[in-house]
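The values are calculated or read from the model by the stated rules, or taken from the named source; none is laboratory data. Predicted model only: the values in this text are computed from it and were never measured. Cβ atoms come from the backbone with ideal geometry, glycine included; neighbour counts cover every protein chain shown.
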Amino acid sequence: MREIKFRARHKATDEWWYGDTARKHEIGLPGMQFTMRLSEFWAYVYADVLDPETVGQYTGLKDKNGVEIYEGDIVRELCTYWAGKENFYWTGEVKYVLNPLGFIYEWTTRWGVSSRRLELQYTENLEVIGNIYENKELLKCQPES
């Protein structure tokens, strides 16, 4: 069973705030996270303190570096061979979809949109490199050539 957690950006400070089912308030120093109980987290979202457009759920998975993966993250996956290219990366956005139910990451190629279900066996090649709110430029049509 995965841990239920969410994150969102504070409108005034642009800091990421986290809410989960178990933690009490943990106020960190600059650059650290602010974590609260999930009910308090949603109260801040509804009070318009946290930007509802940036709310993302934790997937329950971590990337190859141990970084938690959330909806809205930008991840890249190492592909050892693709169309004559060695060590090529697919870069995509983490999303939650209803059909098939679960988390995916999705990338755009010149042929259209592709996606892969986000599952534990694939995370050893995945790396979180940013998110769509702060690093949208990392999403680009692939391959570039």
Study note, to complete from the structure: Within the stretch 1-40, of all residues that are under 20 Å from Asp73 (Cβ atoms) and hydrophobic (A, V, I, L, M, F, W, C), the one modelled with the lowest pLDDT is Met32
Point to revise | Hey, Tyr81 modelled with pLDDT under 90 and either touching a strand residue (DSSP E or B) at 6+ places or on another chain (Cβ under 6 Å) or not in a helix (DSSP H, G or I) (or both) or not | key: yes
Review point. Inside the stretch 117-142, can you point out the residues that are surrounded by 15 or more Cβ atoms within 10 Å (Cβ to Cβ) and over 14 Å from the mean Cα position of the chain (by Cα)?
Key: Asn125, Gln142
